[in-house]
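What follows is a single structure, written as structure tokens, with notes after it.
Derivation of every value follows stated rules applied to the coordinates shown; laboratory data play no part. In this text, all values refer to a predicted model and were calculated from it rather than measured experimentally. Note: ideal-geometry Cβ built from the backbone for every residue, glycine included; neighbour counts use all protein chains shown.
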Amino acid sequence: MHHGQCDHVAPPRQNIVLLEDPDLFAYNEPEPTQFARNTSRYTSATTSSHPSQPSSQYYQNLTPDPSKPPAPPSSVGTGASGYGAFRAGGPVNLFSRTYISFLINWLLIGFFNGAMPALTYPLFQVYLHLQAYQGNAVLALIDFAWNFKFIFSFLTDCVPMNRYRRKPYLYIGWFVLTACLMGFTFRPQVEPYMRDGVVVNNDAEWQGPRHVIPLIVMSFARILVIVASEGMMVEFAHREGAMDRGETQAIIMMARGVGQVLGILLVAFGANSEEFGGTFNSSLSLRAMFGIWIAFAFLGLVTTRFIPEDQVPSSSQPFTSQLHRVWRMVQQRVVWQVMVLGFFLNAVLTLNYGEKNTLYQMRLTEHTLGLNILDAIKVVGSVIAAFVIYRFMLNANWRKIVVWSLVAVTVVGTPIDSITIFDALPSVALFYIKDFLVSIPTALIVFMREFVIVEITSPGYEAVTFGFITTVHYLGKPLAMMVTNLFAMDRQEVQNDTSEVRWHLAVELWIVIAVRLVVILAVMKLLPRDKRHALERKLLGNPNMVVPILIFLCVVAVFCAVVSSSFLAVIKNTSCLKFAGGSGCT
């Protein structure tokens, strides 16, 4: 046998190729210079290699036939296998006429993400004067839709309509939002419980259900819009080269954050009269408020018309086959590792001392305007964090970002929170500045777990991968809130504000911070170092059957606990349970 032929002969029983020479070169190539990082905005379209080209066969069941010449790269661009794009088509410009509608769509999503939660307290707790257990039930039911995000994600990926996977669900979501808001606007307006210090509507709380039920439906419609948009976002991100991947996602995060700030500020200043627990002499009526929301929801319908989307080959997708493929996706080591990582990150970042809200109202402000402004400041911090990622951190080490962000949150936040507990805060403005500064590194931690999802998502399952992983992430939040509530003191005890109470709260705060540090550092190894490491884990990690099953059982248990807590919060006799978010039954 000639020597030249031996170079192409594979071992007799080895028929699996994990990484071939061109791809190994991509992992071992030298780090680009700073000039290369700053100038890596390709003028030509970035596309993935032709499917049959050996350099694009990251994971194949058969060794490529060396006797056949490689197929030419896609005619769309310049052969992006060297650039590392996952999908053909080239990077998208979200500010172009073709794609600006998609960016506006995310701005509108952010608006409702901010406006709906911001209106919950002034509308139900003050305007309608609901009892404490009823207010807890409203919050639980409005957030209830997030627990079913995976189901909607599965539908958008695996059940296309008229060969479209995203736009039909966007239409449905925005249409339902618009219809519910029109129902709010055109029916008779409810009088507030109190006006000018005088009770004018003793039956206001009985009008709660006519507002709660449409808001619950709107929450599900909003989740449907979000999951369809997330799937399209991942598709666009996959068209970017390795050096640029993340730009689209960061821009979308900024747009979503700007919309969220607009929604919060509209409610903060538009619903700040005495009827809503504010200080202004007048405010927008509920009809006017929901009328503005209708304009935003209808704009979502209009922008969906102009969002570009390619049709899939067929609308017929066997259901069991799709479920089997999703299960295979969960079995990948990198997928379940990111699930576990995000769950614990979300849990410990949510974990806090249970008396926090009561203490803040005592130390800072009891007016809804101040509370909403505080929320808006935090969102502004997340917008800045997204810009920092877009400008400086697209190819940074994810682990280092999380660790240094955690250090920043601890160093900046702990002293201010401690002196707030002991009523030694010299100015409320200092607390607002602290919240703003802490929100930036906190957002960096949250964003890192979302950026890694894009890197490990397989084409064709963009929404279901992003949706399923983030659903598991979300379950950490209500679980942490339940744990926090189990150790919370009685509200009256906190209001007594004795020295013993202050030290109890301070020790509780310091324990939470210690737990946060230990847990995040313990799960840090589950986070890939960077984009290349994420791809290596995806390609080289062996599928595991046992761990995903255990994770699935734990997720089901947590899901059942969260759902049970939400329903117990609705029932008057059980709403006082700490498990349901109450202060404890006597």
Between PHE487 and CYS554, how many nm apart are label points set 7 Å from Cα along the C-beta direction? 1.9
About the Cα centre of segment 244-378, how large is the charge dipole given +1 on each Lys and Arg Cβ and -1 on each Asp and Glu Cβ? Please answer in debye to the nearest 20. 460
Simple spin-label estimate for TYR360/THR414, 7 Å along Cα→Cβ, in nm, reads 2.1
Need the list of lysines near LYS434 for cross-linking: C-alpha distance under 28 angstrom, and skip anything on the same chain fewer than eight residues off. LYS356, LYS378, LYS400, LYS477
Would you please give the FRET efficiency between PHE186 and TRP327, computed as 1/(1 + (r/R0)^6) with r the Cβ-Cβ distance and R0 = 51 Å, to the nearest 0.05? 0.65
Could you work out how far the C-alpha centroid of segment 498-537 sits from that of segment 383-460, in angstrom? 13
Give me the net charge for the shell around PHE150: Cβ to Cβ below 15 angstrom, other residues only, Lys and Arg +1, Asp and Glu -1. -1
Going by average Cβ neighbours within 10 Å, how do the peptides 114-126, 489-501 rank, with the highest at the top? 114-126, 489-501
Search the structure for amide H atoms under 5 Å from the amide H of PHE280, placed 1.01 Å from N in the peptide plane, and list their residues when 5 or more places away or on another chain. SER273, GLU274
Report the full-extension gain for the segment ARG195 to ARG287: residue separation times 0.36 nm, less the Cα-Cα distance, to one decimal in nm. 31.4 nm
Assuming 0.36 nm per residue, please report the length gained on full extension of the stretch SER101 to ASP497 beyond their Cα-Cα distance. 137.4 nm
3J(HN,Hα) from dihedral phi, segment 423-429, Karplus parametrisation 6.51/-1.76/1.60, rounded to Hz, x for glycine, proline: 6, 10, 6, x, 8, 5, 4
Using the Cα centre of segment 306-419 as origin and beta-carbon charges of +1 (Lys, Arg) and -1 (Asp, Glu), tell me which of ALA376, MET339, GLN311 is placed farthest towards the positive end of the dipole. MET339
Highest mean first, how do 441-450, 208-217 rank when packing is the count of other Cβ atoms within 10 Å averaged over residues? 441-450, 208-217
Output ³J(HN,Hα) for segment 432-445: one whole-Hz value per residue in order, computed from phi by the Karplus curve 6.51 cos²θ - 1.76 cosθ + 1.60 with θ = phi - 60°, and x for Gly and Pro. 5, 5, 4, 4, 5, 5, 6, 5, 5, x, 4, 5, 4, 4
How large is ³J(HN,Hα) for each residue in segment 174-180, as worked out from phi by the Karplus curve 6.51 cos²θ - 1.76 cosθ + 1.60 (θ = phi - 60°), to whole Hz, x for Gly and Pro? 5, 5, 5, 4, 5, 5, 5
Between ARG195 and residues 5 or more places away or on another chain, which pairs have amide H atoms under 5 Å apart, with H built 1.01 Å from N, and which residues are they? VAL200
Multiply the residue gap between ALA179 and GLU205 by 0.36 nm, knock off their C-alpha separation, and tell me the result in nm, one decimal place. 7.0 nm
Go through 329-341, 195-207, 175-187 and give me the packing order, highest mean Cβ count within 10 Å leading. 329-341, 175-187, 195-207
